[in-house]
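One structure is given here, and the rest of the page talks about it.
Rule-based calculations on the coordinates, nothing more; no lab input. A quick note: this is a predicted structure, and the numbers were derived from the prediction, not measured. When we count neighbours, we look across all protein chains shown, and the Cβ atoms used for this are built from the backbone with ideal geometry, even at glycine.
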Amino acid sequence: MIKLYGMPKTRSMRVVWALEEIGAEYRFIPVDLVTGEGRTPGFLALNPGGKVPVLVDGDLVLTESAAICTYLGDRFPESGLVPRCGTVERGLYDQWCYFVMTELEQPLWTIGKHKFALPKEKRVPEIKDTAIWEFQRAAALLASGLGEKPYLLGDNFTMADLLAAHTLAWARSARISHNIDLLDDYRQRMMAREAFQRTLAVEKG
């Protein structure tokens, strides 16, 4: 059975959501990063970075939420959540996944690092305004790419939408606005999905 090591309200939510969309059997193993469980020898043997999520599927140990979501889509091709390799759709899918991780999420994590994650002496609080500006520019590009389509790739929901919607929700929870109604509607539609509602239940325990 697939094992997922994660913590509620972190990037591991993306993987729970992905597993619920697929309908795969899995075991969610909580890791309390706040109390230091991510720094124990047992967990560091899985992920030397001490972060979640970590997916264990047989002999495979995989980290990085976007990589895990894509792996799961490939692992369960009948789900239709990741386009087949070598297709135009897969190229566009990869484009949007990389965009979300490097452009849309990056400024949010910059804010988080300089607010709580980095050692106090390494934090630069003044970076927040620049990071918000970066996020808003990326959000505008996301909205332009989405346009009037229901999903980033057109008519079908993919893991790229999952990653984008989760990142938009992250911004909302951090009270960082993009001021784009189209993206608010998009996020709400993605999170109205039954699989996401099951994800919330899993995280609540």
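Which condition from (1) in contact with a helix residue (DSSP H, G or I) (Cβ under 7 Å, 6 or more places away or on another chain); (2) part of a helix (DSSP H, G or I) is the one that L55 breaks?
Of the numbered conditions (1) in contact with a helix residue (DSSP H, G or I) (Cβ under 7 Å, 6 or more places away or on another chain); (2) part of a helix (DSSP H, G or I), the odd one out for L55 is (2).
Quick one: how many residues across the range 178-193 are loosely packed, with under 14 Cβ neighbours inside 10 Å and touching a residue at least 24 places away in the same chain (Cβ under 8 Å)? So that I can check it myself, show each step before the final result.
If we filter the range 178-193 for residues that are loosely packed, with under 14 Cβ neighbours inside 10 Å, which is where we start, we get 179, 181, 185, 188, 192.
Now narrow it down to the ones that are touching a residue at least 24 places away in the same chain (Cβ under 8 Å): 179.
The qualifying residues number 1.
May I ask you to verify whether T35 is within 18 Å of the chain's Cα centre (by Cα) and outside any helix (DSSP H, G or I)?
Criteria not met by T35.
Please enumerate the residues belonging to the range 1-24 that are in contact with a strand residue (DSSP E or B) (Cβ under 7 Å, 6 or more places away or on another chain) and in a loop (DSSP other than H, G, I, E, B).
Of everything in the range 1-24, those that are in contact with a strand residue (DSSP E or B) (Cβ under 7 Å, 6 or more places away or on another chain) and in a loop (DSSP other than H, G, I, E, B) turn out to be M1, M7, A24.
Mind telling me which of the residues D94, D129 ends up being of a type in the set (D, E) and in contact with a helix residue (DSSP H, G or I) (Cβ under 9 Å, 6 or more places away or on another chain)?
Numbers: D129 fails: in contact with a helix residue (DSSP H, G or I) (Cβ under 9 Å, 6 or more places away or on another chain).
Just one listed residue meets the conditions, D94.
Looking for whichever is more than 21 Å from Q95 (Cβ to Cβ) and within 16 Å of the chain's Cα centre (by Cα) here; the options are A169, A165, A131. Which one fits?
Being more than 21 Å from Q95 (Cβ to Cβ) and within 16 Å of the chain's Cα centre (by Cα) holds for just one of A169, A165, A131, which is A169.
Going by the structure shown, is K120 surrounded by 14 or more Cβ atoms within 10 Å (Cβ to Cβ) and more than 26 Å from R75 (Cβ to Cβ)?
No; evaluated as a whole, the condition is false for this residue.
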